[in-house]
């Protein structure tokens, strides 16, 4: 018999669901719109994350966790268009005033894990190349299982030949 109660199942499903702040999307769109007219020489020096953060801290959050909720929040967000435009304009001015300011950005845990996984793939690729076990030119998440499977088969085949007295 299934040990999960009816109340436990939706929780497991909901763990894969996300929520978004629609205001973040609207602010990003406004930043892009306002930066179209911005000096090409200054654009690279403008930290867009800081502009967005400055603006978002002056606007209401519009969170949604469903498609219908997202659509509702987008429609509601249009009512805030003047405030969004003004908040982004002020944010650009504030960040522009201090372009040489240095700060240590927050890095997401997902990005950190991605970088670790990428490094591990590179190290595995180098190891397999050094051992002559890599048939592909590079390893990726898409071909990882196939590459490891091939390498293990090659090692197994080599060991079998050695145990039978053949030179490999």
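Candidates 17, 40: the one that is part of a loop (DSSP other than H, G, I, E, B), over 20 Å from the mean Cα position of the chain (by Cα) and modelled with pLDDT under 90 is 40.
For segment 83-105, indicate whether the set of residues that are at pLDDT 90 or above, exposed (fewer than 10 other Cβ atoms within 10 Å of the Cβ) and in a helix (DSSP H, G or I) is non-empty. No; the residues of segment 83-105 include none that is at pLDDT 90 or above, exposed (fewer than 10 other Cβ atoms within 10 Å of the Cβ) and in a helix (DSSP H, G or I).
Conditions (1) surrounded by fewer than 15 Cβ atoms within 10 Å (Cβ to Cβ); (2) out of contact with any helix residue (DSSP H, G or I) (no Cβ under 8 Å at 6 or more places or on another chain); (3) more than 18 Å from residue 21 (Cβ to Cβ), marked per residue:
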{"site": "59", "(1), (2), (3)": "no, no, no"}
{"site": "129", "(1), (2), (3)": "yes, yes, yes"}
{"site": "139", "(1), (2), (3)": "no, no, yes"}
{"site": "142", "(1), (2), (3)": "yes, yes, yes"}
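Only one of the numbered conditions (1) modelled with pLDDT of 90 or more; (2) under 30 Å from residue 140 (Cα atoms); (3) not in a helix (DSSP H, G or I) is not met by residue 60, and that is (2).
Residues are listed down the side, and each one gets a yes or a no for (1) in a helix (DSSP H, G or I); (2) more than 29 Å from the chain's Cα centre (by Cα); (3) under 24 Å from residue 113 (Cβ atoms); (4) not assigned by TED's automatic domain parsing to the domain that holds residue 113:
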| position | (1), (2), (3), (4) |
| --- | --- |
| 126 | yes, no, yes, no |
| 135 | no, yes, no, no |
| 150 | yes, yes, no, no |
| 159 | yes, yes, no, no |
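The values are calculated or read from the model by the stated rules, or taken from the named source; none is laboratory data. Note that the coordinates shown come from a computational prediction; the quantities given were computed from them, not determined experimentally. As a convention, Cβ positions derive from the backbone with ideal geometry for all residues, glycine included, and neighbour counts pool all protein chains shown.
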